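As structure tokens, the structure follows; a few thoughts come after it.
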Amino acid sequence: MSGPVLGTIPGKGYYSEAARAQRLDWLRAHSGAPLDSLDGGGVDPDRLTGNIENFVAVVEIPVGLAGPLVFHGEHARGEIVAPLATTEGALVASASRGARAISACGGVTTKVLAQRMSRAPVWEFADIATACRFVKWISEQRAVMDRLVTTVSQHATIIDVDPYQIGRFVHVRFDYRTGAAAGQNMTTVATWTVCRWLNDRLADEQGIRPEMFLIEGNLAGDKKLTYLSLAVGRGSRVTAECTLDEETVETVLKVKPEMIVRAHRAALLGGQQAGMIGNSINAANVIAAIFLSTGQDMACVHESGTALFSMALTGEGLHATILLPNLVLGTVGGGTGLPNQQDFLAATGCSGEDGSARLAEIIAGFALALDLSTAAAVTGGQFAVAHQRLGRSRRVNPLRQAEIDADFLQRVIASRLGLGRTVTEVVAQSAPAGSGLVSELAARAGRGKFVGLLPLRLVHTGSGGPATELEVMVKSKALDREILLEASKVASLCGTSVAEAWHRWGEFTELKDCHLRELWAYRAPDPALRALLPRVYGVHENPEREIYLVVMERLDRAAHLLDVDGEPTGWTACDVDTALRGIATVHGRWLGRQRELLDAGWLGHVPGPTLVDKTRELWIRLADHNAKEHPDLLPPRMKALVWKLAEESGTWTSELEAMPMTLVHNDFSPRNVALRKVDAQPVAFDWELATVHVPQRDFVELLAFTLGHDSGAAEVRRHLDVHRAAVEAASGRSLSAAQW
């Protein structure tokens, strides 16, 4: 019975661009997929002879630079950066953090202890006695075997010939030095040459003839993880060590030495219980990433990733070592001759005949750096945050920028265009980048979907009239939980103390519900609020796809004093008063009506002033961290003031709660406030942090950014009177100047 007719891949054995294109066309027809990204081969096919068969395309993997790391090795010395080919976020950053800590304390010491490559053929004999005679006989042939190897390789040298008898089977491990090459192919050819001679002799030796022979019986552990390789070594056996002082461990790795060592002891027990071969955290990450960038055999990562990592307290702080017992690598042969891989070998000073020992030491140094950094991250709570992914009970189809076309915008803003008018063209524009904490967190949070600002020029026509152009800004919001996650990552990098406090209290901040709050603000029917907002053309909300989007006027064309670089300039006293009168209309409209605001629900989570007292540990820990990390911004006098405010927060936050509350912008700074060019009226945007608070909250925010260094109490009081009078006018209430 005949089987199915199989297709034939074209161009077999041909290394040319024409053959590659022919195979790609065949694959398109075979798969039914367009495969557009595979059109460019990425490498000259003529250079791939001996590296691959049926070449059709390349897969690009981004390469990042880790380090620099200071080395004091036998072969690696000075400041060295490592090319890490990876798509795993945080890997390069973590290895670089470990490198920074080690370098700050003098650097890493590295040494290649041995280098060997093994091949282990196996013979089967009639019985145990015959196998024993063979073991004795082969041990007497060493001189001949050494000579035979020299006939097929200038670089391979036999180190050991070690027989292992298992009943009537004899496995013989041949160990070689292989110079700059990894040596798998070299040792295979050398061992095959030796075994052909041995088998010819055995055919004439009465009573020792084998019944079976295999060139590899699996004792060598090639591309596998084995205890024998861990003990004896296969490839380069290389070690690295460093000593870190206590201050560096705390300031760079964000943990205390005794904490990281204690956690390491716990991890050792876990590894023993699991039956782990070796003991490391994630040395294989560095090994795989450098292997990829330098053309190593990726199948060897499994055995090469074995490591023994240890830490101990010293009088100076922390001592750490790592041993890579079987690092299978080379700097000649295989994929090391490809153009990009050759360049990265050259960039690390490892290309050519003398590079393999240097590359082994570089890998060991960066593996130690990564294990140290990851151990600190696990100990300090940073690891889970850095790798956290938002759990979803369903698959989400996120918004892509390409979707924001004429049809999409027509649906969102049709009611604002007028009857019969249709968006016919959408042209992307350039705009100055924004600044601010939430903007930065949102940009980091939106991986995989469009989040941020998109300036567009729309052309719309209809009703027989001429085409009209409209410049708009599309703002797509990240979810509050995405922003909270990014904030957690930042907190984790501030060390255990800050991370723990943020873990307890971060969910209670105004970041909660921030993606909903701004859309609610732009839908609000309140005329006082609408007068202060940008002109809004449409709001689009699709919870199923996690789309929260607003289309508004483009303010960088319509307003001035717009802060786009974090450095507000040009604000006069008159401008400040104008902005204060604008926000005062909103303050006055809702003054004393906080219950009504809260019951309406559009603000979402409202923490209230007294949350400061509940979360005082967070503010104290942030003050301690920033005073240590940024003493120029938070000198001792300012730190003491923050401590005092935190310690007394129970008193002053209760006083605030007793005052008349209102709707506040809560981020009323020049980043989010400008004056219109046409009529100099204020416009306030980015309402994602809006909440219920005293109206002076917005007053203080604006003046903190706009007052000059030479401003005094009298100027503050004058602005305060302007604000109070405007709130009085808007609310119809008389307000005590002294209390205000």
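The values are calculated or read from the model by the stated rules, or taken from the named source; none is laboratory data. Keep in mind it's a predicted model, so treat the numbers as computed, not measured. Positions of Cβ are generated from backbone atoms using ideal geometry, with glycine treated the same way; all protein chains shown enter the neighbour counts. These accessible areas exclude ligands, DNA and RNA; they are computed on the full protein's heavy atoms, side chains included. Shrake-Rupley method; radii C 1.70, N 1.55, O 1.52, S 1.80 Å.
Numbers at a glance
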quantity: 18 Å reach of a label modelled at Q206, 7 Å along Cα-to-Cβ, counting backbone N of the stretch 123-137; calculated: 126, 130-131, 133-134, 137
quantity: Set K256/K639; K477/K512; K614/K644; K449/K475; K254/K639 screened for pairs whose C-alpha atoms are more than 18 Å apart; calculated: K256/K639; K254/K639
quantity: C-alpha long axis of helix 480-492 to longest principal axis of the chain, angle in °; calculated: 60 degrees
quantity: Nitroxide proxy distance, nm - points 7 Å out along Cα→Cβ at D526 and R47; calculated: 6.4 nm
quantity: Peptide ranges 466-472, 122-128, 669-675 listed from the most packed, as the mean C-beta count within 10 angstrom indicates; calculated: 669-675, 122-128, 466-472
quantity: Helical mean residue ellipticity (222 nm; -39500 (n - 2.57) per DSSP H run of 4+; nearest 500) of the chain; calculated: -13000 deg cm²/dmol
quantity: Protection-proxy order for peptides 641-649, 88-96, each taking the mean of Cβ atoms within 10 Å per residue, highest first; calculated: 88-96, 641-649
quantity: Percent of Cα pairs exceeding the 21 Å cut-off, where the set is the stretch 492-616; calculated: 60 percent
quantity: Per-selection Kirkwood Rh - the stretch 687-740 (Cα, Å, 1 d.p.); calculated: 12.5 Å
quantity: Kirkwood Rh and Cα Rg combined as Rg over Rh, evaluated for the stretch 80-122; calculated: 1.20
quantity: Solvent exposure ordering (accessible area, 1.4 Å, most first) of K449, K111; calculated: K111, K449
quantity: Around L48: net Lys/Arg minus Asp/Glu count, Cβ-Cβ under 15 Å; calculated: 0
quantity: Convex hull volume per residue for the chain, taking Cα atoms only, in Å³; calculated: 245 Å³
quantity: Cβ-Cβ FRET estimate between L735 and L269, R0 fixed at 56 Å, reported to 0.05; calculated: 0.30
quantity: Computed over the stretch 1-139: relative contact order in percent, which uses C-alpha pairs under 8 Å that are six or more apart; calculated: 17 percent
quantity: Normalised per residue, the volume of the convex hull around the Cα set of the stretch 561-624 (Å³); calculated: 177 Å³
quantity: Accessible area (Å², 1.4 Å probe, nearest 10) - F508; calculated: 90 Å²
quantity: Degrees, to the nearest 10: 91-104 long Cα axis against longest axis of the chain; calculated: 90 degrees
quantity: Ellipsoid equivalent to the stretch 1-150 - semi-axes via the Cα gyration tensor, in Å; calculated: 41, 39, 16
quantity: Ranked order, W197, W652 - accessible area, probe 1.4 Å, largest first; calculated: W652, W197
quantity: Convex hull (Cα only) mean projected area of the stretch 230-271, reported in nm² to one decimal; calculated: 4.4 nm²
quantity: Square roots of five times the Cα gyration tensor eigenvalues for the stretch 186-232, Å; calculated: 27, 13, 8
quantity: Overall form of the stretch 12-61 per C-alpha gyration tensor (a/c, 1.5; a/b vs b/c); calculated: oblate
quantity: The stretch 223-322: equivalent-ellipsoid semi-axes (sqrt of 5 x gyration tensor eigenvalues, Cα, Å); calculated: 27, 17, 12
quantity: E403/A573 FRET efficiency (R0 56 Å; Cβ-Cβ; nearest 0.05); calculated: 0.75
quantity: Ranked by how many other beta carbons lie within 10 Å on average, peptides 488-494, 691-697 from highest; calculated: 691-697, 488-494
quantity: Over the chain, relative contact order from alpha-carbon pairs under 8 Å, at least 6 apart, %; calculated: 10 percent
quantity: Charge context of S236, other residues only, Cβ under 10 angstrom, K/R +1, D/E -1; calculated: +2
quantity: Extended-chain gain in nm, criterion 0.36 nm per residue less alpha-carbon gap, V59 and D39; calculated: 6.0 nm
quantity: P(r), alpha carbons of the stretch 62-193 - 5 Å bins starting at zero, rounded %; calculated: 2, 9, 14, 12, 11, 10, 9, 9, 8, 8, 6, 2, 0
quantity: Under 11 Å, Cβ to Cβ, from T653 - net charge with Lys/Arg +1 and Asp/Glu -1; calculated: -2
quantity: Added length on full extension, which subtracts the Cα-Cα distance from 0.36 nm per residue, S415 to R142; calculated: 89.2 nm
quantity: Gyration tensor verdict on the stretch 598-740 (Cα atoms; rounded if a/c is under 1.5, prolate if a/b is larger than b/c, oblate otherwise); calculated: prolate
quantity: Pairwise FRET efficiency - L453 versus V678, Cβ, R0 = 22 Å, nearest 0.05; calculated: 0.45
quantity: Solvent exposure, largest accessible area first (probe 1.4 Å, DNA, RNA and ligands not counted), of L253, L148; calculated: L148, L253
quantity: Percent breakdown of C-alpha pair distances by 5 Å bin, ordered from the shortest bin, for the stretch 300-366; calculated: 4, 16, 21, 19, 16, 10, 7, 5, 2, 0
